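What follows is a short report on a single structure.
The values are calculated or read from the model by the stated rules, or taken from the named source; none is laboratory data. Predicted model, so just to flag it, every value in this text is computed and none were measured. Neighbour counts are summed over all protein chains in view; Cβ atoms, including those assigned to glycine, are modelled from backbone coordinates with ideal geometry. Just the protein is used for accessible areas: all its heavy atoms, side chains included, with ligands, DNA and RNA removed. Shrake-Rupley method; radii C 1.70, N 1.55, O 1.52, S 1.80 Å.
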Amino acid sequence: MAPHPSLLTRRAVVRSGLATLAALVAPAGLVGCSSGSRRPPKADGDSGRESMPAAQRLRSLIDRIGPLQAANADGIRLPAGFSIRIVARSGEAVLPDGHSWHAWPDGGATFATADGGWIYVSNSEIPLAGGAGALRFDAAGTLVDAYPILEGTNVNCAGGPTPWGTWLSCEEVAYGRVFETDPWGTTEAVERPALGRFKHEAATVDPELGCVYLSEDETDGRLYRFQSSTTDEHGHPSLTEGELQVAVVDAVGGVTWVAVPDPLGTGSVPTREQVPEATVFSGGEGIWWFDGTVYLSTKGDNRIWAYTTATQTIRTIYDRATAEDPDALYGVDNLTVSACGDVLVAEDSGQMRIVAVLPNGDLTPLVQIEGQDNSEITGPAFDPSGTRLYFSSQRATGLLGGITYEITGPFHEPLPDDEAC
């Protein structure tokens, strides 16, 4: 993730050390990727992601959450009525004699399972030996399995879930790739070259228009859209046939999408420079589609953007430069969105918080970690019930000491069929 200028030195030193370490621990001859699954392949037609239950109807209660309380013994501040537990530590077996959790946990998402449980997927941002891992929970919230779903890739920062139950894992390197992975760990990951080769950060699928929006983590990055031209055999938007486009924003926020001539960057001109009139988004980070709006964070200028797909216009819903609150967001990074449109923002450094930007613009801190100043918050994602929030502190206890947490509390409640948010 592209750091704020004040963080350049720290991140450069960390990356240098990790690159050396990764070169020692990475499997020999890394030229592609594998799912890394230790599970047998599914039979034809037996796909876990096709058997996902329908999403629960929920109402957000985040606007009712009170202030953060004093830190607990581990330096974690939560609102009253909330609790927290550790579900994984980098370099340690998640379950006895089981899968060891990856270093530098980053972007994440959850996937409902047919047995009433769910899977939390998390990327590894470590160089050369990145990839992604998964934690599986049963219907009672008990952690029952852990396994890799992608291995042998490079600096897998963020990505995004698809509506059909896969995880798009993005490489945050020059000419980085996007891999479509199986959260159930039974199907090999597949590279999706049509989504372009650039310094990918995150991705989000618009199920209404059949396209994928992508952020780019460069100081002169761009905002991209892959417009699918057909559907696959399951009726989902194809990730192999279509056009990669880049946003051009006019003076009043109108967005025009222009085709990128060479999405794979096979020539001498980087992807982001191929359309000279394309608008710069400084340090593109988290991106999330919700109810006809695509939310984007840009860490270079500490802004949260909202692109309305119906009107093809974009505006800012948060800008630190104009914020009057002394506790304003800083280092805006990974995003997720509540059931009613609260935008949850993870801070890279800053005050080490997850903060909700409410639809009216108010800020509600949901968690803060004290004493982990050399880390960053990553991977926020709700479980299907909306009452558990997963996230990681990427370097909580040192260079390779990431911790993945679960907060439980009244973030949401069930929504009756005859009511709306």
### Query
Relative contact order for region 269-338 using alpha-carbon pairs under 8 Å, separation at least 6, rounded to a whole percent?
28
## Note on the structure
Once both label points are put 7 Å beyond Cα along the C-beta direction, the residue 419-residue 83 separation in nm becomes 2.6
### Task
Could you please put 99, 200 in sequence from largest to smallest accessible area, using a 1.4 Å probe?
99, 200
#### Entry: Accessible-area composition of the chain, carbon plus sulfur, in percent [1.4 Å probe]
51
### Summary
At the level of C-alpha centres, the distance separating region 64-110 and region 117-162, in angstrom, is 15
### Message
Give me the percent relative contact order of the chain, please, defined on Cα pairs under 8 angstrom at least 6 residues apart.
### Response
17
### Query
What's the center-to-center distance, using Cα atoms, between region 354-421 and region 226-287 in Å?
30
### Query
Under a 1.4 Å probe, what is the accessible area of the chain per residue, stated in Å²?
39
